[in-house]
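**Student:** If you scroll down you'll find the structure; I have some questions about it.
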Amino acid sequence: MNLKQLIPTPSAWAHLRFVFSVFLLPVYLFAFSQVHDVHFWPAVLVFLIWHLLAFPASNGYNSYFDRDEESIALLAKPPEVDISLYYFSILLEAVAFLLGFLISWEFAFAVLLYGIMSKLYSHSTTRLKKYPIISFLTVFFFQGAFIYYTTYSALAGLSLFRHWGVGFAVAGGICSCLIGASYPLTQVYQHAEDSRRGDRTISLLLGYKGSFIFSGVLFALGIALSYYYWHSAGRMLHFYFFLLCALPIFLFFNYWFYKVGQSTKNADYKNAMRMNFLSSGCMLLYFGVLAIFG
């Protein structure tokens, strides 16, 4: 490696897909909204570490080993990857890890563990992405509950190991269900390319119809957990607002499912991105309001 390889090319910047971090922002906002006394600078730093460093690093590392030729999330025509993407993604991850110590050693090692799992998911020698159940559970936990638990603990200034309760566990479960519900639908248009590469994703395992049913069940479970969470807290208005924000997702999901039932050609990149942006936008609205008004 030489220093020039650490300088990201335009292709590398594209594959880092910083905008994709927005899809994971609702988890951060949910954790933020549930901490009673949030200090400004730790909140900014935790946001920076996850959304501008760790998540883009994971995106870039995954893209480097996928070497997609067809559409991927946010890139309808992904440019050819180069070595700068590999080294710069590792650099971003290293910076995220070191900055994590400004929060706590626990948070720093949580960032490191997230990076390790990202590499196991993507790297050709381990390639968890090839195994449908393992890859799903990896994303389900590490992009959902894991981010919630570690973010909440960091923002609250608490040890990750000392404040567990039913409500805390359920909140993480809500995040995992929402992330898990969207995961097969991000793969439903990539069946041909995933098959050629030897990646048997959860969407390939379930098929087109099964992917939608599985996502619907997980989203319903997320709603059920949300009901339990807010009912236990005596704040049912929060749950009703969640249902209101989820309504556009529900309507488009069923419309898309109907269209795919007519022709699997409708399980395409354009509809998948519509689903992603709609669901992310609605959840950003919901958790953003919670973060502002508590």
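**Student:** Filter the range 275-284 down to residues that are touching a helix residue (DSSP H, G or I) at 6+ places or on another chain (Cβ under 7 Å) and over 15 Å from residue 175 (Cα atoms) and give me whichever is surrounded by the most Cβ atoms within 10 Å (Cβ to Cβ). Step through it out loud before you land on a result.
**Tutor:** Residues of the range 275-284 touching a helix residue (DSSP H, G or I) at 6+ places or on another chain (Cβ under 7 Å): 275-276, 278-280, 282-284.
Among the residues that remain, those that are also over 15 Å from residue 175 (Cα atoms) are: 275-276, 278.
Values: 275: 20, 276: 18, 278: 16.
The extreme case among them is 275.
**Student:** Filter the range 143-165 down to residues that are in a helix (DSSP H, G or I) and more than 17 Å from the chain's Cα centre (by Cα), then give me how many there are.
**Tutor:** Step one: list which residues in the range 143-165 are in a helix (DSSP H, G or I), which gives 143-156.
Then keep just the ones that are more than 17 Å from the chain's Cα centre (by Cα); that gives 153-156.
Residues that pass the stated criteria total 4.
**Student:** Oh, and also: Looking at the range 61-107, which of the residues that are among the aliphatic types (A, V, I, L, M), exposed (fewer than 15 other Cβ atoms within 10 Å of the Cβ) and in a loop (DSSP other than H, G, I, E, B) is modelled with the highest pLDDT?
**Tutor:** 102
**Student:** Would you mention how many residues in the range 243-257 are crowded, with 16+ Cβ neighbours inside 10 Å and of a type in the set (A, V, I, L, M)?
**Tutor:** Looking only at that region, the number is 2.
**Student:** As an exercise: evaluate residue 230 against (1) surrounded by fewer than 16 Cβ atoms within 10 Å (Cβ to Cβ); (2) free of Cβ contacts under 8 Å to residues at least 24 places away in the same chain and give the number of the one condition it does not meet.
**Tutor:** The single condition residue 230 does not satisfy is (1).
**Student:** Something else now. Just to confirm my filter: which helices (runs of 4 or more DSSP H) fall fully inside the range 181-269 and include at least 1 residues that are aromatic (Phe, Trp, Tyr)?
**Tutor:** 202-233, 236-262
Residue-by-condition table, conditions (1) closer than 15 Å to residue 103 by Cβ; (2) modelled with pLDDT under 95:
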residue: 129; (1), (2): no, yes
residue: 133; (1), (2): no, no
residue: 143; (1), (2): no, no
residue: 147; (1), (2): yes, no
residue: 153; (1), (2): yes, no
residue: 159; (1), (2): yes, yes
residue: 170; (1), (2): no, no
residue: 175; (1), (2): no, no
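**Student:** Confirm whether residue 57 is aliphatic (A, V, I, L, M), out of contact with any Asp or Glu (no Cβ under 6 Å at 6 or more places or on another chain) and within 19 Å of residue 144 (Cβ to Cβ). Talk me through it step by step, then tell me what you get.
**Tutor:** Working: aliphatic (A, V, I, L, M): yes; out of contact with any Asp or Glu (no Cβ under 6 Å at 6 or more places or on another chain): no; within 19 Å of residue 144 (Cβ to Cβ): yes.
Answer is no for this residue.
**Student:** Moving on to the next point. Name the single residue that is nearest to residue 275 (Cα to Cα) among those in the range 53-87 being within 20 Å of the chain's Cα centre (by Cα) and among the small types (Gly, Ala, Ser).
**Tutor:** Selected residue: 73.
**Student:** Among the listed residues 168, 140, which satisfies the condition of being of a type in the set (Phe, Trp, Tyr), in a helix (DSSP H, G or I) and within 28 Å of residue 206 (Cα to Cα)?
**Tutor:** Values: 168 fails: within 28 Å of residue 206 (Cα to Cα).
Only one candidate passes the filter, namely 140.
**Student:** Would you be able to tell me the number of residues in the range 7-41 that are modelled with pLDDT of 90 or more, surrounded by fewer than 18 Cβ atoms within 10 Å (Cβ to Cβ) and farther than 18 Å from residue 89 by Cβ?
**Tutor:** Number of matching residues: 6.
**Student:** Of the residues 126, 150, 138, which is buried (at least 21 other Cβ atoms within 10 Å of the Cβ) and touching a helix residue (DSSP H, G or I) at 6+ places or on another chain (Cβ under 7 Å)? Break it down stepwise before answering.
**Tutor:** Numbers: 126 fails: buried (at least 21 other Cβ atoms within 10 Å of the Cβ); 138 fails: buried (at least 21 other Cβ atoms within 10 Å of the Cβ).
Being buried (at least 21 other Cβ atoms within 10 Å of the Cβ) and touching a helix residue (DSSP H, G or I) at 6+ places or on another chain (Cβ under 7 Å) holds for just one of 126, 150, 138, which is 150.
**Student:** Identify the single condition in (1) more than 30 Å from residue 210 (Cα to Cα); (2) without any contact (Cβ under 8 Å) to a residue 40 or more places away in the chain that residue 77 does not satisfy, given that it satisfies every other one.
**Tutor:** Among (1) more than 30 Å from residue 210 (Cα to Cα); (2) without any contact (Cβ under 8 Å) to a residue 40 or more places away in the chain, the lone unmet condition for residue 77 is (1).
**Student:** Follow-up. Any idea which of 134, 147 is touching a residue at least 24 places away in the same chain (Cβ under 8 Å) and of a type in the set (A, V, I, L, M)? Write out each step before concluding.
**Tutor:** Values: 134 fails: touching a residue at least 24 places away in the same chain (Cβ under 8 Å).
Testing whether each residue is touching a residue at least 24 places away in the same chain (Cβ under 8 Å) and of a type in the set (A, V, I, L, M) leaves just 147.
**Student:** Among the residues of the range 88-108, write down those that are closer than 13 Å to residue 13 by Cα, within 20 Å of the chain's Cα centre (by Cα) and hydrophobic (A, V, I, L, M, F, W, C). Can you show your working first?
**Tutor:** If we filter the range 88-108 for residues that are closer than 13 Å to residue 13 by Cα, which is where we start, we get 88-89, 92.
From what is left, the residues that are within 20 Å of the chain's Cα centre (by Cα) are 89, 92.
The answer is 92, and nothing else.
The values are calculated or read from the model by the stated rules, or taken from the named source; none is laboratory data. The shown structure was predicted, so the numbers you read here are calculated from the model rather than taken from an experiment. Here the Cβ is made from the backbone with ideal geometry for all residues, glycine too, and neighbour counts use every protein chain on show.
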